[in-house]
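These notes are about the structure you will find just below.
The values are calculated or read from the model by the stated rules, or taken from the named source; none is laboratory data. Not measured: the values here are computed from a predicted model. For neighbour counting, all protein chains shown are included, and Cβ atoms are generated from backbone atoms with ideal geometry for every residue, glycine included.
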Amino acid sequence: MLLPFGPVRPEQVVPFANLVNWTCADRLWQGHGMLLDSHHLINWLAGIGIRVPSGFGVTLMPLRSPYQAAIEARSVALATGHSVVAGFGPGGLQAQRSFLGSPYSSQIGACREYVTTVRGLLHGETVENSGAHFPGVSKLLEYKQAPVHVGLGVLREKMAALAGEVADVAITWLGAASYLDQILMPAMRKGAEQRTAEKPATVTAIVPVALSGPDRKVTDLAGASCGTHIQAPHYKDALKKAGIEVSGDGDPKDAEKLVDGGVFLYGTAEEIHQRLDAYREIGVDEVVLNATGVGLVAGPRAAAQDLLEILEAAP
């Protein structure tokens with residue numbers, strides 16, 4: 001399950017971490033924390049005795065060097081004693097201009113260097129990278145920790161192919177099951193033909209959900225959950241490839257298209273699980289429940305109630 005809001009105090013996260021301990025949820029996921037740092041939150045929870053498996057989907061590459069990213073991911077594994085999925089993504093071109101002064105000269109090249117470096121460091125290797133984006137020679141201090149799986153955020157075919165080649169996990173966002181089945185997962189299999197790691201990359205799908213109710217409007221919930229993302233050109237292009245054309249300007253029809261296209265799941269807990277079956281049937285390894293829309297519209301307590309009800313209804 002995904003933390004469905006941006007906390008400003010670490011104790012606000014406790015109920016959601018406990019959902020992982022008390023229900024069938026396997027892992028507490030977060031996006032890139034822009035108020036409290038996501039890694040610091042998990043370490044704070046561990047410090048008060050709440051230790052859970054964690055996932056980060058995704059941390060923005062421009063804000064951390066590969067070496068610092070590897071240290072932070074390993075720090076969480078050491079503090080919690082549980083496995084970590086450390087997912088990374090380059091962010092949009094405008095974000096890269098803001099943080100770096102100019103975009104990466106090659107999006108795929110930068111991601112290849114970054115993921116390969118972080119993964120090598122976490123496997124105890126001395127990493128020598130002579131690429132254009134993250135050159136250098138580095139090695140972490142040796143110490144045994146819980147597993148850290150390095151993920152790559154995936155929206156379109158080229159990044160899916162790269163994830164199949166070099167990442168441990170492909171992390172999808174706003175991808176309907178049909179899009180994963182017809183576009184992304186075949187691209188991953190094609191990329192895996194060049195893979196050197198023994199185990200294939202797994203697939204984690206972050207899926208926006210909300211329970212239906214008489215006081216709820218699906219377009220408000222879908223818009224709150226996905227509206228910011230679908231303003232970005234790379235998200236709009238990925239949705240277009242899935243047959244969903246959105247304006248990204250806040251039009252309520254955009255939210256309707258996300259629901260009709262199977263991107264945003266809305267209904268009873270049982271109906272949501274029926275739609276999640278589509279992800280299970282195509283071989284997705286992990287589905288992350290994203291109740292951010294509920295959190296933004298109705299508040300964190302309502303989002304926690306939705307997550308609890310959906311988790312308790314799991315088959």
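Some points to look at:
- Residue in region 118-132 that is under 29 Å from Gly243 (Cβ atoms), in contact (Cβ under 8 Å) with a residue 40 or more places away in the chain, basic (Lys, Arg) and not in a loop (DSSP other than H, G, I, E, B) present: no
- Filter result for Glu271 (without any contact (Cβ under 8 Å) to a residue 60 or more places away in the chain and in a loop (DSSP other than H, G, I, E, B)): no
A quick yes/no check of all residues on (1) among the polar types (S, T, N, Q); (2) under 22 Å from the mean Cα position of the chain (by Cα); (3) within 16 Å of Ala70 (Cβ to Cβ):
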{"position": "Gly91", "(1), (2), (3)": "no, yes, no"}
{"position": "Arg97", "(1), (2), (3)": "no, no, no"}
{"position": "Ser102", "(1), (2), (3)": "yes, no, no"}
{"position": "Glu113", "(1), (2), (3)": "no, yes, yes"}
{"position": "Thr126", "(1), (2), (3)": "yes, no, yes"}
{"position": "Val137", "(1), (2), (3)": "no, no, yes"}
{"position": "Leu140", "(1), (2), (3)": "no, no, yes"}
{"position": "Ala146", "(1), (2), (3)": "no, yes, yes"}
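- Where Asp249 falls short, out of the listed (1) in a helix (DSSP H, G or I); (2) at pLDDT below 95; (3) charged (D, E, K, R): (1)
- Test: residue in region 213-228 that is of a type outside the set (S, T, N, Q) and in a strand (DSSP E or B): no
- Criterion (at pLDDT 95 or above and more than 21 Å from Ser178 (Cα to Cα)) met by exactly one of Ala298, Ala278: Ala298
- Odd one out for Tyr143 among (1) surrounded by fewer than 17 Cβ atoms within 10 Å (Cβ to Cβ); (2) of a type in the set (Phe, Trp, Tyr); (3) farther than 30 Å from Ser75 by Cα: (3)
- If you go through region 51-71 and pick out every residue that is surrounded by 21 or more Cβ atoms within 10 Å (Cβ to Cβ) and assigned to a helix (DSSP H, G or I), you end up with 4.
- Residue within region 47-56 that is in contact with a Lys or Arg (Cβ under 6 Å, 6 or more places away or on another chain), within 19 Å of Cys24 (Cα to Cα) and of a type in the set (Ser, Thr, Tyr) present: no
- Residue in region 284-296 that is acidic (Asp, Glu) and assigned to a helix (DSSP H, G or I) present: no
- Sub-6 Å Cβ pairs linking a first residue in region 249-261 that is of a type in the set (Val, Ile, Thr) to a second residue that is in a helix (DSSP H, G or I), at least 6 apart or interchain, are Val259/Val218; Val259/Ala222, ordered by first then second residue.
- Selection over region 20-50 of residues that are surrounded by fewer than 17 Cβ atoms within 10 Å (Cβ to Cβ) and of a type in the set (A, V, I, L, M) gives a count of 3.
- Contact map, region 4-28: first residue under 20 Å from Ile310 (Cβ atoms), second residue of a type in the set (Gly, Ala, Ser) and assigned to a helix (DSSP H, G or I), Cβ cut-off under 6 Å, separation 6 or more or different chains; pairs are Pro4/Gly295; Pro4/Ala303; Phe5/Gly295; Pro15/Ala304; Leu28/Ala17.
- Taken over region 186-219, the criterion of being free of Cβ contacts under 8 Å to residues at least 60 places away in the same chain, under 30 Å from Lys257 (Cα atoms) and of a type in the set (Ser, Thr, Tyr) is satisfied by Ser212, Thr219.
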